[in-house]
Amino acid sequence: MNPIKILVVDDHEIIFDGIKSMLLGEEFVQTLDYCPSILELKSSLIVNNYHVLILDINMDGKNTLDVVHEIKAIKPEIKIIILTSYENNKLYQVAKQLDLAGYLLKNTTKKLFIEALHKVINGEKHFQEFNKEFSNEFTLSLDDFDRFNSLSQREKELAELIVKGFNENEISDRLFISKHTVRTHKKNIFKKLKINGVMDLVKLINDQSH
């Protein structure tokens with residue numbers, strides 16, 4: 001196997017550090033570079049000839065699947081592997097429809113990660129299997145992806161409890177926050193998701209989960 005050049009694009013450098021650690025000593029890797037943003041990715045692709053692009057699906061709250069066509073316009077031959085924490089069947093299927101080389105979860109093992117790289121380099125595809133029936137609780141459509149990812153981690157936790165039927169007192173107790181804070185978070189959630197209240201939130205999540 002000829003040595004290959006790999007570019008990792010993720011807005012959390014710790015992910016790159018983990019990949020670098022996994023690939024340390026692997027002779028098939030000639031170059032392993034890092035980009036923290038889509039803007040830098042595009043610039044890097046213009047001046048470098050990478051064989052494999054390892055791409056996070058959520059960069060700064062944006063769905064990177066939306067820029068795949070731009071990436072391929074710059075480097076049509078590059079093999080794109082999505083590396084994500086989203087066990088989300090809709091995103092998984094879109095990645096397949098875009099004819100990407102792979103879809104890996106960030107909890108994959110070193111062994112499986114390297115095996116997937118070898119398959120992709122040899123012209124195969126590697127889409128990691130997960131239980132589609134129990135994919136991420138918030139299985140939003142791509143149109144809602146950006147809005148949902150504008151929520152903070154705490155807001156996502158609170159939204160999940162709302163959908164599960166917990167009232168303000170119960171949410172306050174479970175998250176160790178005041179009822180006033182619960183109400184503030186709810187207002188922010190409704191504003192960011194462009195909905196009017198609890199019933200709209202439940203409907204949004206339930207509609208997208210089927």
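Read-outs: derived from the displayed coordinates by stated rules, not from any lab. Everything numeric in this text was worked out from a predicted model, so none of it was measured. Cβ atoms come from the backbone with ideal geometry, glycine included; neighbour counts cover every protein chain shown.
Fully extending the segment from residue 72 to residue 167, taken as 0.36 nm per residue of separation minus the present Cα-Cα distance, adds 29.5 nm. What you get for the range 1-141, charging only the Cβ of Lys and Arg (+1) and of Asp and Glu (-1), is a dipole of about 340 debye around the Cα centre. Lysine pair count for the range 161-205 with Cα-Cα distance under 18 Å and sequence separation of 8 or more or different chains is 11.
Spatially, the range 151-210 and the range 101-117 are offset by 33 Å when compared through their Cα centroids.
Placing R0 at 30 angstrom, the Cβ-Cβ distance between residue 152 and residue 108 gives a FRET efficiency of 0.70 after rounding to 0.05.
Projecting the Cα atoms of 95, 121, 74 onto the charge dipole of the range 66-127, computed from C-beta unit charges around the Cα centre, puts 121 farthest toward the positive end.
Positive contributions from Lys and Arg (+1) and negative ones from Asp and Glu (-1), summed over other residues with Cβ under 15 Å from the Cβ of residue 178, come out at +3. Springs between Cα atoms under 10 Å define the GNM used for the chain, and in it the highest mean-square fluctuation of 85, 44, 21 occurs at 21.
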